[in-house]
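The values are calculated or read from the model by the stated rules, or taken from the named source; none is laboratory data. Worth saying up front: this structure is predicted, and the values here are computed from it rather than measured. Here the Cβ positions follow ideal geometry from the backbone for every residue, glycine too, while neighbour counts run over all protein chains shown. Side chains included, ligands, DNA and RNA excluded: accessible areas come from the protein's heavy atoms. Shrake-Rupley method; radii C 1.70, N 1.55, O 1.52, S 1.80 Å.
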Amino acid sequence: MVAINERKDLIDALRAPNRTIAVYRDTDLSVTVMSLAADQRLKLTGIVGDGLAQIKEPTVGWVQSLYLKQISDGGMTKGKAYRLRNTSELSQGLAAYYEPGAKMNDGPGANSIVYLTNPEDSYVENGRKLIRVFFVGKFGSERAGYVSQGTVGSVLGETSSNFVAV
């Protein structure tokens, strides 16, 4: 059984698959309803499970969220580029969050490039500053999420930050 949650920020959100994917009738992914081509727009319902997202357009069904990417015209655009610092502490990349407390199952890999979102967005949690960025995750999908810039007071691009300017 899959744990299902409502994510209000994902209601009517537009996404596109990064490859051809199947749309399934239910969460056990046993009955295919249709296939979606890479880059075909779809609309989410806001109902998600571990690695799954329910869609309502072009048909109602379930898709594997691992293969979905942001569509850049959803209100945010890519800003300045930074590279994840090449250190032993960051050798596994960074964890990413949809919103405070809602961890993604993906994040930017070691030494990868991220782009600040425009408009910029950030929050502070447990002594760390988390910034919203676009990144290609470890599974190959482009996403937007919050990642740790470093401790509170760190400055992007300087040694106090997890990122260097590109």
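For S122, S148, give me the order by solvent-accessible area with a 1.4 Å probe, most accessible first, ignoring ligands, DNA and RNA.
Numbers: S122 55, S148 10 Å².
So, going from the largest accessible area down, we get S122, S148.
Highest mean first, what order results for 111-118, 125-132 on Cβ atoms within 10 Å?
Numbers: 111-118: 18.4, 125-132: 16.5.
Most protected by this proxy first, the peptides run 111-118, 125-132.
What size of dipole, in debye to the nearest 20, comes out for region 18-166 about its Cα centre when the only charges are +1 on Lys and Arg C-beta atoms and -1 on Asp and Glu C-beta atoms?
On the way: 16 positive and 14 negative charges, 50 e Å.
So the magnitude is around 240 debye.
What does the net charge come to around V164 if you take all other residues with beta carbon closer than 15 Å to its beta carbon, with K and R at +1 and D and E at -1?
On the way: positive: K80, R83, R85; negative: E89, E158.
Here the charged neighbours net out to +1.
Show D9, D106, D28 ordered by accessible area, largest first, where the area counts protein heavy atoms only and the probe is 1.4 Å. Could the numbers behind the result be given before it?
Values: D9 80, D106 10, D28 100 Å².
Ranking D9, D106, D28 by accessible area, largest first, yields D28, D9, D106.
Check the straight Cα-Cα distances from K43 and name the aspartates and glutamates below 13 Å, setting aside those fewer than 8 residues away within the same chain.
Once the sequence-local aspartates and glutamates are set aside, what remains near K43 is D9, D12, E57.
Nearest 0.05, what FRET efficiency do K8 and T77 give at R0 = 22 Å with Cβ-Cβ as r? Before the final figure, lay out each step's value.
Working: r = 23 Å, r/R0 = 1.03.
That gives a FRET efficiency of 0.45.
Taking the Cα centre of region 13-166 as the origin and placing charges on Cβ (Lys, Arg +1; Asp, Glu -1), which of P58, Y98, F163 is farthest toward the positive end of the dipole?
Projecting each Cα onto the dipole axis, the largest value belongs to F163.
Ordering E158, E120 from largest to smallest accessible area (1.4 angstrom probe), what's the sequence? Show your work: numbers first, answer last.
Details: E158 105, E120 145 Å².
Listed by decreasing accessible area, they come as E120, E158.
Pairs K69/K103; K8/K69; K80/K103; K56/K80: which exceed 26 Å Cα-Cα?
Numbers: K69/K103 17 Å; K8/K69 18 Å; K80/K103 24 Å; K56/K80 33 Å.
Pairs exceeding the cut-off: K56/K80.
What translational diffusion coefficient, to the nearest whole µm²/s, does the chain have by Stokes-Einstein, given a Kirkwood radius computed over alpha-carbon pairs, a temperature of 37 °C and 0.692 mPa s viscosity?
It comes out at roughly 198 µm²/s.
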